[in-house]
Amino acid sequence: MAKAIVEYDLTDPDDRLEFERAAKSLGMAQSIWDFAYNTKKKLQWELEAKDTTTDAEYELLDKIYEKFWEILGENDISPDKLIV
């Protein structure tokens, strides 16, 4: 079995930041997954519940999510590989 040991000097501000990123990585992954797969549908339901929703609002939502997925792709982030 392969093992990795990562050490941080928590008195060093840069190492402390790296530690915080690593320690919060599961929460970040869960947040990304939730935004990617649940939030768009919830927002669509909210738009559908309004009587005054326009096509432009749906188009804007689609554009936001297209950009979101583009940014994930540029950073080689796949929510499906982070949350099993």
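Listing for the model above:
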read-out: Residue tally, condition over 13 Å from the mean Cα position of the chain (by Cα) and surrounded by fewer than 13 Cβ atoms within 10 Å (Cβ to Cβ), over segment 17-37; value: 5
read-out: Positions within segment 38-82 being hydroxyl-bearing (S, T, Y) and surrounded by 10 or more Cβ atoms within 10 Å (Cβ to Cβ), in sequence order; value: T39, T53, T54, Y58, Y65, S78
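Condition check ((1) within 30 Å of E66 (Cα to Cα); (2) in contact with a Ser or Thr (Cβ under 6 Å, 6 or more places away or on another chain); (3) at pLDDT 95 or above; (4) in a loop (DSSP other than H, G, I, E, B)) across all residues:
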| residue | (1), (2), (3), (4) |
| --- | --- |
| E7 | no, no, yes, yes |
| L10 | no, no, yes, yes |
| R16 | no, no, yes, no |
| Q30 | yes, no, yes, no |
| Y37 | yes, no, no, no |
| K41 | yes, no, no, no |
| T53 | yes, no, no, yes |
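The values are calculated or read from the model by the stated rules, or taken from the named source; none is laboratory data. Predicted model only: the values in this text are computed from it and were never measured. All Cβ positions, glycine included, derive from the backbone under ideal geometry; neighbour counts span all protein chains shown.
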